[in-house]
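*Asks:* One structure follows; several queries about it will come next.
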Amino acid sequence: KGPVPHDWLFSRVSLVIHHGGIGTLSTGLKARVPTIVKPFFGDQFLWADKVKAGGFGTNLSGFSRSELRKKIRQVLGDSSIRDNLKELNRNLINEDGAESAFQHVFKNLAASVVEKYFYGENMFDVVE
């Protein structure tokens, strides 16, 4: 009675078909379950493209019975998808997420911003 936790459910299925929300997607990837995404709005289109590009499943452009049947067979018949999911999980287990995020942000900041805030003007000065 009530909602079923995705982490419990996804560990018991062979395929997840969903809208592409980041919570549902990340839970499915963590469970190493191939996924089919049918995005509807916002960032769901980005995640659908990432699923396909990463080899973790595919996405639906339309929503017909024949397309869905074809995509299910395609995803379940492709053993490389499970291999890609295993590799993704190995990488995630070994990654220091906080350090990686810091390094990514720091690396991608513009040099002038780094100079200004870390070596130059005091960022707490009041501008008149």
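The values are calculated or read from the model by the stated rules, or taken from the named source; none is laboratory data. Worth saying up front: this structure is predicted, and the values here are computed from it rather than measured. Positions of Cβ are generated from backbone atoms using ideal geometry, with glycine treated the same way; all protein chains shown enter the neighbour counts. These accessible areas exclude ligands, DNA and RNA; they are computed on the full protein's heavy atoms, side chains included. Shrake-Rupley method; radii C 1.70, N 1.55, O 1.52, S 1.80 Å.
*Asks:* Taking the solvent-accessible surface of protein heavy atoms with a 1.4 Å probe, what is the per residue accessible area of segment 1-91 in Å²? Don't skip to the answer; put the middle values down first.
*Replies:* Details: 5700 Å² over 91 residues.
That works out to 63 Å² per residue.
*Asks:* Right, next: For the pair Leu76/Phe63, report the inter-label distance in nm, with labels modelled 7 Å from Cα in the Cβ direction.
*Replies:* Each label point lies 7 Å from its Cα, and together they span 2.1 nm.
*Asks:* Let me ask something additional. Could you look at segment 56-103 and say what percent of its accessible area is carbon and sulfur, using a 1.4 Å probe and all protein chains?
*Replies:* Working: 1740 of 3420 Å².
In segment 56-103, the share of accessible area belonging to carbon and sulfur is 51 percent.
*Asks:* Excluding ligands and nucleic acids, what accessible area in Å² is computed for Arg69 using a 1.4 Å probe, to the nearest 10?
*Replies:* 110 Å²
*Asks:* Multiplying the sequence separation of His19 and Val105 by 0.36 nm and subtracting their Cα-Cα distance, what value in nm do you get? Before the final figure, lay out the partial values.
*Replies:* Working: separation 86, 0.36 × 86 = 30.96 nm, distance 2.87 nm.
Gain in length upon complete extension: 28.1 nm.
*Asks:* Taking 0.36 nm per residue of sequence separation and subtracting the Cα-Cα distance, how much length would be gained by fully extending the chain between Lys1 and Asn89, in nm to one decimal? Don't skip to the end; give the middle numbers.
*Replies:* Details: separation 88, 0.36 × 88 = 31.68 nm, distance 3.12 nm.
Using 0.36 nm per residue and subtracting the Cα-Cα distance, I get 28.6 nm.
*Asks:* Using a 7 Å offset from the Cα along the Cα-to-Cβ direction at both Lys52 and Ala98, what is the distance between the two label points in nm, to one decimal?
*Replies:* Those two pseudo-labels are separated by 3.8 nm.
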